Each structure stands twice: as C-alpha cells, then as structure tokens.
C-alpha cells in the first residue's frame, strides 16, 4: 500500500468495505503492524491501548493523550503502523483530531472506510488539510469475482461438494439478482443454504440440488424479486 498519511476507501453501503479492511488487517502483509477499529465510537484510550498491545507493552492510563502520542511515535519510529477505521463518516470532531495527530507522526497511516457521499466532509476536514491523501473507490462484485469468492469460501470450510454445485451460469444469475452488492450476496447465500438444508431434511429431492427454480425461490424469499 502506497505510503500516504490518509487513505479513504469509498463505496456504497453493503459493497464489502468492512470485509476488505478485515482481510487486509489479517493478511500476512499487515497483521503484525496494523490495528482495526471496527466501530467509530472509540475513545483515544481504546485506540492507544491497541497500539501498545501490538508492541506487547502495557498502557499507562495515568498519562494524557499528548504524552502517549509522543511515546507511540518513538515506539513505531522504525516502521509504519496502519490503523484501519470502519464507518469513518460517523467519526466525531475529537476523533478527527486524534487521527490527524497520529498521521502527523509519519509512523502511522490511517485507512478510513466510509460512504462515498461523505468523503468531502471527511477529506476536507480542517484537521486533515496538511496530510497527504489517497482515495480508493470500492465497487460492486462482478460475476467472476463472485464465483471466486464463493468457491474460496466453500473450499475453506471443506465444502468442496457444494462448491461444485455452483456453475458460472449460477453465479451470474446470483450476481444479477444481488446487483453485485456484497451484503446482499451474503444474505442470498444464507437464504439459499437454508432452503437446501430444508429440502434435504424433508426429502424434497427436486430441491436438494441447485436449479434455476431454487435461485428464484431464494430471490423471492429475501425480497429481490416479487411474486406477480
């Protein structure tokens, strides 16, 4: 990842920004020098505690924020620590200032995921005006990406037989129903697997294998299409 103080990950609700931040945070490239703030309602103590814990050091609650900023700058002087923050459009004034302080130390890079409609409000905040910035737009899943995601998830959970049930044609149809929205895709698969499980437990043999009918039933079940 290019070294800019602030990186904004933008996208519509449900496209998978949280999933991407989670994957990056746990990847071998970043796991040893990154923290993930999964909700925007954090105090500076919670953030700094994570940074000390990453170094295997205790957090002294008696010291103030400025003292800790200076100490953390020294602790991380020989590396770049990445702070992933989700739902950054909900950050408050104090949190903007806190993030700006960290980024100004040049040992920290903050990656903020937020809705694309809120980027101007956040990127143009007065606390960030002197920090280098980069913007990444995160779009919807296409059918090939959806197929790879599904196959990888099923294989990772030792569900090879189920993975073989899904053809490229099936995933193309699912992608069209879900409009490539990652959150909707997960909702679709949850409902689809419930229907498959129900069919198997109740000996509904025609519905125990993937079919166009079953995909339509799933889309109806979660409200993606309506029964005319």
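The values are calculated or read from the model by the stated rules, or taken from the named source; none is laboratory data. Computed from a predicted model, the values in this text were never measured in an experiment. Reconstructed Cβ throughout: ideal geometry from the backbone, glycine too, with neighbour counts over all protein chains shown.
I'd like to know if the stretch 174-194 contains one or more residues that are at negative phi, assigned to a loop (DSSP other than H, G, I, E, B) and crowded, with 16+ Cβ neighbours inside 10 Å. Step through it out loud before you land on a result.
In the first step, residues of the stretch 174-194 are kept if they are at negative phi; the result is 174-178, 181-194.
Of the ones still in play, those that are also assigned to a loop (DSSP other than H, G, I, E, B) are 181.
Filter once more, so that each one left must be crowded, with 16+ Cβ neighbours inside 10 Å: 181.
Yes.
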Yes or no: residue 214 more than 18 Å from residue 147 (Cβ to Cβ), out of contact with any strand residue (DSSP E or B) (no Cβ under 6 Å at 6 or more places or on another chain) and either in the same structural domain as residue 170 (by TED's automatic domain parsing) or without any contact (Cβ under 8 Å) to a residue 24 or more places away in the chain (or both)? no
So for the stretch 35-48 (the condition being crowded, with 16+ Cβ neighbours inside 10 Å, part of a loop (DSSP other than H, G, I, E, B) and either touching a residue at least 60 places away in the same chain (Cβ under 8 Å) or under 16 Å from the mean Cα position of the chain (by Cα) (or both)), does at least one residue qualify? yes
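Taking the stretch 20-31, which residues are surrounded by 15 or more Cβ atoms within 10 Å (Cβ to Cβ) and either in a helix (DSSP H, G or I) or on the phi > 0 side of the Ramachandran plot (or both)? Show your work before the answer.
Keep residues of the stretch 20-31 that are surrounded by 15 or more Cβ atoms within 10 Å (Cβ to Cβ), which gives 20-22, 24-25, 30.
The answer is 20, 21, 22, 24, 25.
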